[in-house]
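This report concerns only the one structure given below.
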Amino acid sequence: MFDQRHTDRASKAYIPAFRQAPENHSWRRGLEPFSKLWFNGRIVAFESAVTSVLTHGLNYGTGVFEGIRGYKTKDGRISVFRNKDHMTRFVESCRMLGLKMQYSVDEMTSAVLQVVKENHVASDLYIRPIAYVGFGGINLDLTRFGVDVAVGGFKFEDYFGGTAKGLKVCTSSWRKISRGSSLPLAKASGNYLNACLAKAEASRNGYDEAIFLDQDDNLCEGTGENLFVASGGKLLTPSLSSPILNGITRDTVIRFCESLGIQVLERDVTRGEAYRADEMFFTGTAAGVVPITEYDGRTIGGGIEGELTAKLRNMYESVVRGESEPYIEWVTFV
């Protein structure tokens with residue numbers, strides 16, 4: 001649990017690695033965190049929110065996290081997208097793992113907005129809530145120790161670094177973790193080692209992203225995104241009975257399709273169906289709606305963003321910036 005005396009002592013000797021790096025180092029180019037964050041119930045300086053190298057969550061991956069986006073609007077405000085829905089999933093993930101979460105959905109929702117306000121951000125941003133088993137012991141029974149909770153963030157633009165007009169993806173040699181070995185529905189820190197292995201493999205082989213197969217050889221999701229396949233005017237996407245995350249952006253796109261009269265089938269999707277698809281795209285908080293134009297060396301559709309993908313992407317970008325009245329309840333302005 002949080003101990004301010006420990007924090008004060010540790011922060012005197014603590015210099016974040018990214019701030020020790022040269023100005024042109026990729027760490028500095030890629031990430032500049034907010035100067036203030038929310039840590040165990042109050043706003044503190046970034047350098048003060050420290051934890052021990054013996055923290056249970058660091059050693060064993062016993063934690064959960066969220067990703068929430070904020071967008072600069074035309075009138076200079078920040079629109080935070082589906083904040084409460086993200087925080088509901090956050091608390092549910094804690095419950096699935098059995099973490100002793102001491103804050104409610106409403107308290108966490110408020111913490112997110114407080115972080116945005118305190119940092120006076122004037123650009124698109126990414127917010128990272130995290131709850132993890134803290135310092136206390138090495139026993140693998142995670143329920144025996146307290147939980148630290150934090151909300152930080154950083155300026156953020158494009159997850160795929162300029163390749164978002166069409167991704168080149170591959171099937172990963174790594175299988176998605178199964179429901180029998182973990183909790184894929186929980187946005188759990190430890191689950192993402194599986195994703196890191198697949199992402200690194202794809203990068204080494206010259207691809208932008210990887211797609212997991214499940215234990216039955218059906219398509220699952222990307223390393224950090226849900227997957228949609230368009231065929232014959234319908235959208236196919238793996239169901240929540242597959243080992244996938246219940247994505248907020250996935251849900252957003254499905255609701256868009258309902259309003260547009262586009263049929264979405266949540267079911268098993270085979271690799272063959274993807275190879276012959278008219279369009280494919282990923283959805284995710286960091287990624288948004290991103291077209292896939294090549295899969296396992298096969299051109300998807302015409303090799304460019306398809307009409308349906310473009311329509312849904314444009315719709316999404318309008319909604320997240322608070323420019324679409326029918327969906328304005330999803331946005332909180334700061």
Segment 69-137 versus segment 177-219: alpha-carbon centroid distance in Å: 24
Karplus-derived HN-Hα couplings along segment 147-153 (A = 6.51, B = -1.76, C = 1.60, θ = phi - 60°), whole Hz, x at Gly and Pro: 10, 8, 10, 9, 9, x, x
Cross-link pairs beyond the 31 Å C-alpha cut-off, checked among 165/199; 100/311; 72/234: 100/311; 72/234
Option label - volume of the Cα convex hull per residue in Å³ computed here, alternatives [x] 126; [y] 138; [z] 147: [y]
Residue of 68, 300, 138 that the Gaussian network model of the chain assigns the largest fluctuation, springs spanning Cα pairs under 10 Å: 138
Net charge dipole size for the chain [Lys, Arg +1 and Asp, Glu -1 on Cβ; Debye, nearest 20]: 800
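May I ask you to derive the relative contact order of segment 99-197, considering only C-alpha pairs under 8 Å and at least 6 residues apart, and to give it as an integer percent?
About 24 percent, as a whole number.
What relative contact order, as a whole-number percentage, does the chain give when Cα pairs under 8 Å and 6 or more residues apart are counted?
18
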³J(HN,Hα) computed for each position of segment 125-131 - Karplus, 6.51 cos²θ - 1.76 cosθ + 1.60, integer Hz, glycine/proline x: 8, 10, 10, 10, x, 8, 10
Cβ-based charge dipole, the chain, positive-most Cα from 318, 112, 169: 112
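Rule-based calculations on the coordinates, nothing more; no lab input. Computed from a predicted model, the values in this text were never measured in an experiment. Every residue, glycine as well, gets a Cβ built from its backbone with ideal geometry; the counts of neighbours run over all protein chains shown.
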